[in-house]
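Data block below; observations after.
The values are calculated or read from the model by the stated rules, or taken from the named source; none is laboratory data. Remember, predicted model here, so these are calculated numbers, not experimental data. Here the Cβ is made from the backbone with ideal geometry for all residues, glycine too, and neighbour counts use every protein chain on show.
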């Protein structure tokens with residue numbers, strides 16, 4: 001929570017919104033950024049986990065593949081990453097696991 005507060009303070013220093021609507025827009029964009037960053041972090045973590053697991057246990061990596069696809073699809077659906085980027089990530093993961 002302290003990190004978000006710091007970002008809020010920093011954004012006010014950088015942007016210095018004048019109108020009330022500009023202040024509200026900054027609050028909204030910071031909130032969206034926090035959600036997007038979290039979703040991207042989850043996606044990257046599970047991809048790294050699969051890449052690490054595939055070296056030792058391919059069957060375990062295959063089981064984790066569906067959760068990775070779910071995270072990637074959700075990120076693409078919410079606009080965190082683009083559709084083709086999601087397709088590329090899924091393709092490379094499935095190729096890696098085979």
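A few points about this structure:
- Boolean, residue 34 is surrounded by 11 or more Cβ atoms within 10 Å (Cβ to Cβ), in contact (Cβ under 8 Å) with a residue 24 or more places away in the chain and under 19 Å from the mean Cα position of the chain (by Cα): yes
- Qualifying residue in segment 17-25 (condition: in a helix (DSSP H, G or I), on the phi < 0 side of the Ramachandran plot, surrounded by 13 or more Cβ atoms within 10 Å (Cβ to Cβ) and in contact with a helix residue (DSSP H, G or I) (Cβ under 7 Å, 6 or more places away or on another chain)): no
- Those residues of segment 79-98 which are within 12 Å of the chain's Cα centre (by Cα) and under 17 Å from residue 45 (Cβ atoms), in sequence order: 80, 81, 86
- Single condition residue 61 does not satisfy, out of (1) crowded, with 18+ Cβ neighbours inside 10 Å; (2) touching a residue at least 24 places away in the same chain (Cβ under 8 Å); (3) closer than 22 Å to residue 37 by Cα: (3)
- Taken together, the residues in segment 75-95 that are part of a helix (DSSP H, G or I), touching a helix residue (DSSP H, G or I) at 6+ places or on another chain (Cβ under 6 Å) and either under 18 Å from residue 33 (Cβ atoms) or touching a residue at least 60 places away in the same chain (Cβ under 8 Å) (or both) amount to 2.
- For residue 55, the stated conditions do not hold, so it cannot be described as within 15 Å of the chain's Cα centre (by Cα) and modelled with pLDDT under 95.
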